[in-house]
Amino acid sequence: MSQVYIVGAGPGDPELITRKGYRLVAEADIVIYAGSLVNPAILEACKPNCKIYNSATMNLDEVLAVMEDGAAKGQMIVRLHTGDPAIYGAIQEQMDALEKKGISFEVVPGVSSFLATAAALKQEYTLPNVSQTVIITRMEGRTPMPPKEKLAMLAAHQATMCIFLSVQMLDSVVAELVSGGYTKDTPVAIVVKASWPDQRIIRGTLETIADQVAKEGVLRQAMIVVSKVLDSDYELSKLYDKNFSHMYRSAKA
Ligand code: SAH
């Protein structure tokens, strides 16, 4: 049995954690959750004597000290991250430190917010002939972008882009995307708090979106989606095409 479970809590709706993640939260002796984004309703599953820590006020050493202490006592520890922990979760440094300390751990995936955003928009990101690629990225902030991953360079592909952590820099996001080749009439959707009860959707174009968002006030927990899939004609998929056969179905004559 692992001592530490790094668990994706999902995008907000407490029903969007996996069954495995939920079971582990319910069994844990210690839960350390990313308090700025994880829905605290998930913590209602915890045992009465479970110790709960909010990592928003802790540094890496403090998080690791709680894990090390718990593991030494044979306790089961859940580290809860928002969405899926592999996306902007800062888990690599935790996993590498656990490895060095000889503490065994397992990762349990979660529903990332870029997928909850697609669900909110009732939108497929990969429409035939429009876009078959999804780019997950962010605007450069305090974390620098590798030189080949500047937003303008990624924009050159005109793929569907899901831009995390950047709504507060929307003017710069738009400027980079346009300098990278997106036309100003490219559709944009911003989903605020996807899957939460107060979820909001703002739709516009690269030309209009900054003004629209300025009217909404400060937004937190928002995903920017830029793609022609948001507004386009597309070819029907081959997968369900009656003239097309594949492993599980032959073509109709
Ligand atoms: N690991 C998380 C992302 C953490 S980074 C995941 O897989 O979703 C935090 C950023 O994720 C936020 O700035 C925002 O861009 C996005 N985000 C997280 N939850 C969100 C939600 N419910 N709706 C829209 N965007 C969200």
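List of remarks:
- Residues of the stretch 11-53 that turn out to be out of contact with any strand residue (DSSP E or B) (no Cβ under 7 Å at 6 or more places or on another chain), within 16 Å of the ligand (Cβ to nearest atom) and not in a helix (DSSP H, G or I), as a count: 5
- Of the candidates Ser237, Ser245, the single residue that is in contact (Cβ under 8 Å) with a residue 40 or more places away in the chain, of a type in the set (Gly, Ala, Ser) and open to solvent by 30 Å² or more (accessible area, probe 1.4 Å) is Ser237.
- When the stretch 165-194 is filtered for residues that are open to solvent by 30 Å² or more (accessible area, probe 1.4 Å) and within 16 Å of the ligand (Cβ to nearest atom), the ones remaining, listed by number, are Leu165, Gln168, Met169, Ser172, Lys193.
- The set of residues from the stretch 85-99 being within 11 Å of the ligand (Cβ to nearest atom) and either open to solvent by 30 Å² or more (accessible area, probe 1.4 Å) or not assigned by TED's automatic domain parsing to the domain that holds Leu24 (or both) comprises Ala86, Ile87, Tyr88, Ala90.
- All of Val7, Val63 fail the test of being within 19 Å of Glu106 (Cβ to Cβ) and buried (at least 23 other Cβ atoms within 10 Å of the Cβ), apart from Val7.
- Residues that are more than 15 Å from the ligand (Cβ to nearest atom) and either farther than 20 Å from Glu176 by Cα or not assigned by TED's automatic domain parsing to the domain that holds Thr160 (or both) within the stretch 195-227 comprise Lys215, Gly217, listed in sequence order.
The values are calculated or read from the model by the stated rules, or taken from the named source; none is laboratory data. Just so it is clear, the structure is predicted and the values come from calculations on it, not from any experiment. Glycine also receives a Cβ, built like all others from the backbone with ideal geometry; neighbour counts cover every protein chain displayed. Just so you know, the surface numbers come from the protein's heavy atoms only, side chains and all, with ligands and any DNA or RNA stripped out. Shrake-Rupley method; radii C 1.70, N 1.55, O 1.52, S 1.80 Å.
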